[in-house]
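FYI, it's all coordinate maths here, none of it is from the lab. Bear in mind that the values here come from a model prediction, so they are computed numbers and not experimental data. Positions of Cβ are generated from backbone atoms using ideal geometry, with glycine treated the same way; all protein chains shown enter the neighbour counts.
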Amino acid sequence: MGELSTREADATFAELICADPQWLRAEFDALITAGFGAPPAWPHPPAPPQVPPGRTPANPFPPPWRSTRPAPAARATRREHRRQRSPPPSQATQAAAAARS
């Protein structure tokens, strides 16, 4: 038998391994069992919360129409809610405006 290149050796090895599907499956199962052991048991569902009789548990999720923000204060009246005014124009500005008119 002559020298094989790495690619040819890999192809020959893959053909040998895949030639017997039962052996391949048995080896795969043995590798998985050796590496991981038995699968873990399914966890049990959590126990229901203990609530005293006659009381219902609080809803951790409020309905969407109720806001958790506090209600806004009463709206200010029009007199209290005026816009801030700028300072009155200077004497020079008033004189220039009067001269243009």
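State the extension gain, in nm to one decimal, for the chain segment bounded by Ala34 and Thr6, taking 0.36 nm per residue of separation less the distance between their alpha-carbons.
In short, 7.2 nm is gained.
Roughly speaking, what is the stretch gain from Ser86 to Gln50, that is 0.36 nm per residue apart minus the C-alpha to C-alpha distance, in nm to one decimal?
Taking Ser86 through Gln50 to full extension adds about 6.5 nm, to one decimal.
Suppose R0 equals 25 Å. What FRET efficiency, 1/(1 + (r/R0)^6) with r the Cβ-Cβ distance, do Ala41 and Cys18 give to the nearest 0.05?
My answer for the efficiency is 0.15.
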